[in-house]
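Scroll down for the structure; my scribbles are underneath it.
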Amino acid sequence: MAWPALEALARDVLREGATGLVALGTTGEPGSLTADERRDVLDLLAAVCREHGAPLTVGANTADDLRILADRPAVAAALSLVPPFLRPGEEVCWPT
């Protein structure tokens, strides 16, 4: 992993005016990282956010992901996928 590049990017984004960072969002990166790499991303970005007084939002799509974030005070919010709602047709609701 290119840790120095990730850190530099995070610092640059915040220095240029972003009010916070989003890590491990829904663009596919969480699935391509190991659990250790995801933890390291969170550790690094949480440290940068603390230095800048900025919130960190983290993608969390499972109950386990949310439990892990609960122990991280630097995380301000979580991004979670909403389960789809499929409305059954009328013939299912009102059989004749």
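Structure above, values below:
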quantity	calculated
Which listed residue, of Ala46, Ala18, Ala54, is touching a helix residue (DSSP H, G or I) at 6+ places or on another chain (Cβ under 6 Å) and of a type in the set (Gly, Ala, Ser)	Ala54
Residue list for the stretch 51-67, restricted to those being more than 15 Å from Ala78 (Cβ to Cβ), among the small types (Gly, Ala, Ser) and either in contact (Cβ under 8 Å) with a residue 24 or more places away in the chain or in contact with a Ser or Thr (Cβ under 9 Å, 6 or more places away or on another chain) (or both)	Ala54
Lone qualifier among Val22, Val48, Val41 - being open to solvent by 80 Å² or more (accessible area, probe 1.4 Å), among the aliphatic types (A, V, I, L, M) and touching a residue at least 12 places away in the same chain (Cβ under 8 Å)	Val22
Candidate set from the stretch 74-96 (those that are surrounded by 10 or more Cβ atoms within 10 Å (Cβ to Cβ) and at pLDDT below 85); member that is nearest to Gly53 (Cα to Cα)	Ser80
Residue count for the stretch 16-27, restricted to those that are within 16 Å of Leu44 (Cβ to Cβ) and either in a strand (DSSP E or B) or not small (Gly, Ala, Ser) (or both)	4
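The values are calculated or read from the model by the stated rules, or taken from the named source; none is laboratory data. This is a predicted model, so every value here is computed, not measured. Counting neighbours? That spans all protein chains shown, and the Cβs are built from the backbone with ideal geometry, glycine included. Just so you know, the surface numbers come from the protein's heavy atoms only, side chains and all, with ligands and any DNA or RNA stripped out. Shrake-Rupley method; radii C 1.70, N 1.55, O 1.52, S 1.80 Å.
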